[in-house]
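Here the structure comes first, spelled out in structure tokens, and everything after it is commentary.
The values are calculated or read from the model by the stated rules, or taken from the named source; none is laboratory data. Not measured: the values here are computed from a predicted model. Cβ: placed from backbone, ideal geometry, glycine included. Neighbour counts: every protein chain shown.
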Amino acid sequence: MKEQTKPNLLVLIGPTAVGKTKMSIELAKTFGCEIISGDSMQVYRGMDIGTAKISKDEMDGIPHHLIDIHEPDYPYSVAEFQEQSGRLITDITNRGRLPFIVGGTGLYIESVCYGFQFSETGADEDFRQEQFKYAEVHGAEALHHKLEEVDPQSATRLHPNDLRRVVRALEVFHLTGSPLSAQLASQKKESPYHLCLVGLTMDRQMLYNRIEERIDLMLHQGLVEEVTKLMDKGYAPGLVSMQGLGYKEIVSYLQGAYSYEEAVELLKRDTRRFAKRQLSWFRHMKDIEWVDVTDSQNFSANYEKIHGIIAGKFLSNLEYTSKQSK
């Protein structure tokens, strides 16, 4: 049958701090996976603490791809992620392994799952530079307000500090007269893969508590020192990478715009808001099997639920399920 000719693709998504990393390693061991990072920030070398990048020890021997592939001044894009992921999925499948995307960058992951087309809209470099200048003079919030007026859906999805993507959304509207959100909504949403999409969710307050605990841990691990080192190497605050959560706020503290306490509070608030936007993005995606992991202490029960979903989806591929005999 036609469906069976499509390569299998396992995907685990969810908001930041929900517990994707630990779950993904256990699933990868069971189903013979290689993991493709679906996080737009973990591609950058030297940005480890603020991105909650998985360590070699945590990988536990599972191959991981698209981590530490660029320097922080590289303008990584969704189109590049899509192209690289497509090649990796083919390579991993050809090796008899199961490709497994794990992450929280919604547009990146959805673009791979459904083969989005990105090549039709051109560029207007003058317009782009005008928008960056506008943000410099009036602030990121003012530029974000311009996006709200022409494309409220994209404005809801994008953080004001994500200048590159805010400018790109404005540029798409400027060039086509059509909002980026409408163009994304019109994508065919037909997957080139035999997909198993699993989403992790949990009680909102518990998630927010976990986010705050994670940020406290990042600070304890040396987030301020990590950002200082990046700045000392000459990576400018305006870079896309340095606008990421955990970096922009600490840069502002180091430059004297905020006290340490204010920067930490801002980081916690912005990360909570980011998690909310992640969930709203994932909620509009189809085909996701949601698993509530609020009872995070009961890891084995949550794992069994997800194992059952994957085994059910890929049942005809017995090599993936035979490894779990218990």
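Computed quantities for the displayed model
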{"quantity": "Residue in segment 81-99 that is within 21 Å of residue 248 (Cα to Cα) and not small (Gly, Ala, Ser) present", "calculated": "no"}
{"quantity": "Count of residues meeting criterion [assigned to a helix (DSSP H, G or I), of a type in the set (A, V, I, L, M, F, W, C) and free of Cβ contacts under 8 Å to residues at least 40 places away in the same chain] in segment 30-66", "calculated": "1"}
{"quantity": "Some residue of segment 219-233 being modelled with pLDDT of 85 or more, aliphatic (A, V, I, L, M) and surrounded by fewer than 13 Cβ atoms within 10 Å (Cβ to Cβ)", "calculated": "no"}
{"quantity": "Search result, residues across segment 254-297 that are among the acidic types (Asp, Glu), surrounded by 13 or more Cβ atoms within 10 Å (Cβ to Cβ) and within 16 Å of residue 207 (Cα to Cα)", "calculated": "270"}
{"quantity": "Unique match (being small (Gly, Ala, Ser) and either under 16 Å from residue 196 (Cα atoms) or not assigned by TED's automatic domain parsing to the domain that holds residue 27 (or both)) among 275, 263, 236, 311", "calculated": "311"}
{"quantity": "Given (1) farther than 16 Å from residue 78 by Cα; (2) part of a helix (DSSP H, G or I), index of the condition residue 160 fails", "calculated": "(2)"}
{"quantity": "Subset tally (residues that are on the phi > 0 side of the Ramachandran plot, surrounded by 14 or more Cβ atoms within 10 Å (Cβ to Cβ) and of a type outside the set (Gly, Ala, Ser)) for segment 39-93", "calculated": "2"}
{"quantity": "Top-ranked residue in segment 111-123 [being surrounded by 12 or more Cβ atoms within 10 Å (Cβ to Cβ) and farther than 19 Å from residue 11 by Cβ; ranked as modelled with the highest pLDDT]", "calculated": "117"}
{"quantity": "Positions within segment 20-35 being within 28 Å of residue 224 (Cα to Cα) and either surrounded by 23 or more Cβ atoms within 10 Å (Cβ to Cβ) or at pLDDT below 95 (or both), in sequence order", "calculated": "20"}
{"quantity": "Those residues of segment 92-126 which are part of a helix (DSSP H, G or I), within 18 Å of residue 54 (Cβ to Cβ) and over 16 Å from the mean Cα position of the chain (by Cα), in sequence order", "calculated": "92"}
{"quantity": "Complete set of residues in segment 68-91 that are touching a Phe, Trp or Tyr at 6+ places or on another chain (Cβ under 9 Å) and part of a loop (DSSP other than H, G, I, E, B)", "calculated": "68, 69, 71, 72, 73, 74, 76, 77"}
{"quantity": "Qualifying positions in segment 160-188 - modelled with pLDDT under 85, under 23 Å from residue 286 (Cα atoms) and touching a helix residue (DSSP H, G or I) at 6+ places or on another chain (Cβ under 9 Å)", "calculated": "180, 181, 182, 183, 184, 185, 187"}
{"quantity": "Subset of segment 51-65 [among the aliphatic types (A, V, I, L, M) and under 15 Å from residue 28 (Cβ atoms)]", "calculated": "54, 59, 62"}
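Residue-by-condition table, conditions (1) touching a residue at least 24 places away in the same chain (Cβ under 8 Å); (2) within 16 Å of residue 210 (Cβ to Cβ); (3) under 17 Å from the mean Cα position of the chain (by Cα):
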site: 270; (1), (2), (3): yes, yes, yes
site: 283; (1), (2), (3): no, no, yes
site: 287; (1), (2), (3): yes, no, no
site: 294; (1), (2), (3): yes, yes, no
site: 302; (1), (2), (3): yes, yes, no
site: 310; (1), (2), (3): yes, no, no
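Yes or no, residue by residue, for (1) within 17 Å of residue 183 (Cα to Cα); (2) touching a strand residue (DSSP E or B) at 6+ places or on another chain (Cβ under 6 Å):
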residue	(1), (2)
90	no, no
99	no, yes
110	yes, no
116	yes, no
133	no, no
